[in-house]
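What follows is a short report on a single structure.
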Amino acid sequence: MKELVVISGKGGTGKTSLLAAFASMASRMALCDADVDAADLHLIVAPAVRERHSFTSGHRAVIDPDRCTACGICVELCQWRAIRADFTIDPIACEGCGVCHYLCPEGAVDFPENRCGEWYLSDTRFGPMVHARLGIAEENSGKLVSLVRREARHLGETGGLELILTDGPPGIGCPVIAAIGGADAVLIVTEPTLSGIHDLQRVAGLADHFKVPAMISVNKHDLNPEMTTRIETYAETSGLVLAGNVPFDPQFTKAMVQGMTIFEQGGSSPATEAVRELWQRVCAKLGLTAPSVCE
């Protein structure tokens, strides 16, 4: 079983639309949305949730007013100023360090696990999908990314699947590191702008650091041919595989608004043909040449 992770140096490059288009051409595969901070793959593939699980990570202090004697020791010890004058705790300011819990002489501070969000096992018209939703202002998204990838791999192994298509988060932070580690390949989707080149270089360096084979695709390449040429030159000199470029096409946006992939929108265009060719090159790179997987 292979895993392809589609990532980008910044948000808005079109990686999710491309991954959904790949899903519409693939078979014997599972989908994984690892962009847990701002998940949006579900807007296109419309998953029907069949399992819902809580995601807990870290701890958050809670003061029991019946046991609290208002001695003030916790206020003195808290370096985050999270304990209010009425001896209640500001959940936003609390960092979950546990000092108040461990050093309260009355044992009045409980320290339960923090419920950060949920993860789901769903069915889509393309195949099964594992995805998640992180709570507002919650942390530990890297841990949740690792969880959904692990569940997607388990789903693939038990179902005899041959491919996992993972929609990774943008950037180079913790969630991205959690999304690409151990993947068979990453497809970096970039755009032909100066900031696009800069972000591409950063995320390509990250993939190289973790020894994950990287491919590059320039989305909307025809909007700035000069920058596209610079990206292609960078890919060649850096030893990166240029899997194929995709021209600008308003049908991508129209399809997305309707909750569809560009192929489901109907008709043929230079963009649909470019995506089809891109998918074939990606499959070849992964060693998935069987038509049962990459149609």
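The values are calculated or read from the model by the stated rules, or taken from the named source; none is laboratory data. The model shown is predicted, which means the values in this text are computed figures rather than measured ones. With ideal geometry, Cβ positions are generated from the backbone for all residues, glycine too; neighbour counts draw on all protein chains shown.
Remarks
- Residue in the range 103-127 that is farthest from residue 91 (Cα to Cα), counting only those that are in a loop (DSSP other than H, G, I, E, B) and among the small types (Gly, Ala, Ser): 127
- Per-region count, the range 119-138, residues surrounded by fewer than 18 Cβ atoms within 10 Å (Cβ to Cβ) and modelled with pLDDT of 95 or more: 2
- Test: residue in the range 197-212 that is crowded, with 21+ Cβ neighbours inside 10 Å, of a type in the set (Gly, Ala, Ser) and under 21 Å from residue 24 (Cα atoms): no
- Identification of helices (runs of 4 or more DSSP H) wholly contained in the range 171-266 with 3 or more residues that are closer than 30 Å to residue 139 by Cβ and either in contact (Cβ under 8 Å) with a residue 40 or more places away in the chain or in contact with a Gly (Cβ under 9 Å, 6 or more places away or on another chain) (or both) yields 174-180, 194-209.
- Filter pass, residue 142 being small (Gly, Ala, Ser), over 15 Å from the mean Cα position of the chain (by Cα) and either modelled with pLDDT of 95 or more or in the same structural domain as residue 51 (by TED's automatic domain parsing) (or both): no
- If you go through the range 243-295 and keep only what is modelled with pLDDT under 95, closer than 19 Å to residue 224 by Cβ and surrounded by fewer than 19 Cβ atoms within 10 Å (Cβ to Cβ), you end up with 250, 253, 270.
- All conditions but one from (1) more than 19 Å from residue 165 (Cα to Cα); (2) crowded, with 17+ Cβ neighbours inside 10 Å; (3) out of contact with any helix residue (DSSP H, G or I) (no Cβ under 6 Å at 6 or more places or on another chain) apply to residue 221; the one that does not is (3).
- Conditions (1) touching a strand residue (DSSP E or B) at 6+ places or on another chain (Cβ under 9 Å); (2) at pLDDT 95 or above; number of the one not met by residue 26: (2)
- Number of the condition not met by residue 46 [criteria: (1) modelled with pLDDT of 95 or more; (2) on the phi < 0 side of the Ramachandran plot; (3) in the same structural domain as residue 195 (by TED's automatic domain parsing); (4) not aromatic (Phe, Trp, Tyr)]: (2)
- For the range 12-64, the set of residues classified as part of a loop (DSSP other than H, G, I, E, B) and surrounded by fewer than 16 Cβ atoms within 10 Å (Cβ to Cβ) consists of 12, 38, 40, 46, 64, listed by residue number.
- Single match in 52, 28 (criterion: under 17 Å from residue 130 (Cα atoms) and touching a Leu at 6+ places or on another chain (Cβ under 6 Å)): 28
- Residues of the range 224-242 satisfying the condition of being of a type in the set (S, T, N, Q) and surrounded by 15 or more Cβ atoms within 10 Å (Cβ to Cβ): 224, 228
- Flag if residue 167 is under 13 Å from the mean Cα position of the chain (by Cα) and acidic (Asp, Glu): yes
- Yes/no for residue 230 being over 29 Å from residue 124 (Cβ atoms) and basic (Lys, Arg): yes
- Condition broken by residue 122, with the remaining ones in (1) among the hydroxyl-bearing types (Ser, Thr, Tyr); (2) farther than 30 Å from residue 44 by Cβ; (3) touching a helix residue (DSSP H, G or I) at 6+ places or on another chain (Cβ under 9 Å) satisfied: (2)
- Residue count for the range 157-200, restricted to those that are touching a Ser or Thr at 6+ places or on another chain (Cβ under 7 Å), among the charged types (D, E, K, R) and farther than 12 Å from residue 9 by Cβ: 1
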